[in-house]
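The values are calculated or read from the model by the stated rules, or taken from the named source; none is laboratory data. Everything numeric here is computed off the predicted structure, so don't read it as measured data. Here the Cβ is made from the backbone with ideal geometry for all residues, glycine too, and neighbour counts use every protein chain on show.
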Amino acid sequence: MRKHRRTTDEPTRAELAAIEDEWPLIEAELDLVNAEIANIYAADRGGPTELDWRRLRRAEARVTRVAAELAARPAVRRKARAKQVPRVDALSAPDLARIDAEWPLFAAELDVPPTARRAVA
């Protein structure tokens, strides 16, 4: 049996939800990169000021704090969002036919391996 794969490059709902969950960390890392860039440009103006160094330290601390908060979140959060699916024995014949027709699409989504989480130090 041939496996059906999606041909689009668009992210799935699960991937979008993961991005949304990790957005505070992404935003904190962007702030850190901006602070580092400001320090590099400040080298051309006589070196970073105390304010530039403070901005960098605060951005580093924010990345650490947000990463720790993200790691401390319970893993069951995703289950709370899941739709309530009716029991199979309670479905009518047309519902079962629709599920049979859509099963290859569901199975293709299940074949996607989980993404590895990146360690933040």
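Okay, here's what the table says:
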quantity	calculated
First in the range 67-80 and among the acidic types (Asp, Glu) and at pLDDT 90 or above, second anywhere and surrounded by 10 or more Cβ atoms within 10 Å (Cβ to Cβ) and not in a loop (DSSP other than H, G, I, E, B), Cβ under 8 Å, 6 or more apart	69/24
Where a residue in the range 36-58 is part of a helix (DSSP H, G or I) and its partner, wherever it lies, is among the charged types (D, E, K, R), with Cβ under 7 Å and at least six apart	38/52; 38/55; 39/52; 42/52; 56/36
Flag if residue 86 is surrounded by 13 or more Cβ atoms within 10 Å (Cβ to Cβ), part of a loop (DSSP other than H, G, I, E, B), modelled with pLDDT under 95 and more than 16 Å from the chain's Cα centre (by Cα)	no
